[in-house]
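Reading through the structure tokens given below for one structure.
The values are calculated or read from the model by the stated rules, or taken from the named source; none is laboratory data. Quantities reported herein were computed from a predicted structural model and do not represent experimental measurements. Heads up, the Cβs are rebuilt from the backbone with ideal geometry, glycines too, and the neighbour counts pull from every protein chain shown.
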């Protein structure tokens with residue numbers, strides 16, 4: 001009985017180490033309701049074209065206009081400043097979309113401008129992994145990482161894990177998405193294609 005009590009206490013403190021953070025996220029998404037990953041719209045499980053985010057470093061090139069060309073870091077307000085046209089909203093757009101907008105706005109000042117934009121540095125993907133994993137915590141992953149990469153960073157499952165009860169809790173839009181390890185391994189319903197976002201919580205029960 002004493003050994004069982006000690007194990008229970010250890011598990012409690014391990015799960016509580018990031019408890020306040022998890023409670024906030026679970027409170028947003030609802031702790032009992034969930035959607036199976038295979039029931040999500042296809043656009044939420046397949047990697048989409050990269051959307052620019054704050055912190056990204058952009059390489060902006062205007063053909064034959066070196067004074068306008070250069071690098072620009074996306075600010076916390078989601079904008080970059082470009083010579084002649086000032087602030088431009090960059091967050092949420094693909095590089096090609098932003099290039100077309102900049103090119104259109106430069107037509108007031110230049111004759112037939114040609115603009116290309118590339119992402120030189122991306123903001124790291126940061127997610128939290130909690131519950132029955134080897135080392136719960138906050139992890140930095142490569143862009144377009146999925147649940148398997150997050151679990152690997154957290155040391156895989158603990159001996160108490162239920163590998164049929166893996167959840168991703170997302171703030172915006174508010175979602176609690178359920179996975180199984182078998183589904184992730186076999187990419188059933190696009191489970192392995194699901195891409196994590198900054199701020200996501202991966203929970204293993």
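List of remarks:
- Any hit, segment 126-137, residues being at pLDDT below 95 and either outside the structural domain of residue 193 (by TED's automatic domain parsing) or surrounded by fewer than 19 Cβ atoms within 10 Å (Cβ to Cβ) (or both): yes
- Residues of segment 182-205 that are part of a loop (DSSP other than H, G, I, E, B), farther than 13 Å from residue 37 by Cα and within 18 Å of the chain's Cα centre (by Cα): 197, 198, 199, 200.
- Of residues in segment 66-83 being part of a loop (DSSP other than H, G, I, E, B) and touching a strand residue (DSSP E or B) at 6+ places or on another chain (Cβ under 9 Å), the one surrounded by the fewest Cβ atoms within 10 Å (Cβ to Cβ): 77
- Note on segment 147-199: among residues that are under 11 Å from residue 127 (Cβ atoms) and at pLDDT 95 or above, the one that is surrounded by the fewest Cβ atoms within 10 Å (Cβ to Cβ) is 149.
- In this entry, residue 166 is excluded by the filter for residues that are in contact (Cβ under 8 Å) with a residue 12 or more places away in the chain and in the same structural domain as residue 65 (by TED's automatic domain parsing).
- Qualifying positions in segment 104-117 - closer than 14 Å to residue 82 by Cβ and either under 26 Å from the mean Cα position of the chain (by Cα) or touching a residue at least 40 places away in the same chain (Cβ under 8 Å) (or both): 106, 110, 113, 115, 116, 117
- Residue 87 meets all of the listed conditions (1) at pLDDT 80 or above; (2) in contact with a strand residue (DSSP E or B) (Cβ under 9 Å, 6 or more places away or on another chain); (3) part of a loop (DSSP other than H, G, I, E, B) but one, namely (3).
- Any hit, segment 90-97, residues being in contact with a strand residue (DSSP E or B) (Cβ under 6 Å, 6 or more places away or on another chain), assigned by TED's automatic domain parsing to the domain that holds residue 200 and either closer than 30 Å to residue 62 by Cα or in contact (Cβ under 8 Å) with a residue 60 or more places away in the chain (or both): no
- Selection from segment 139-181 of residues that are assigned to a helix (DSSP H, G or I) and out of contact with any helix residue (DSSP H, G or I) (no Cβ under 7 Å at 6 or more places or on another chain): 149, 150, 151, 152, 153, 181
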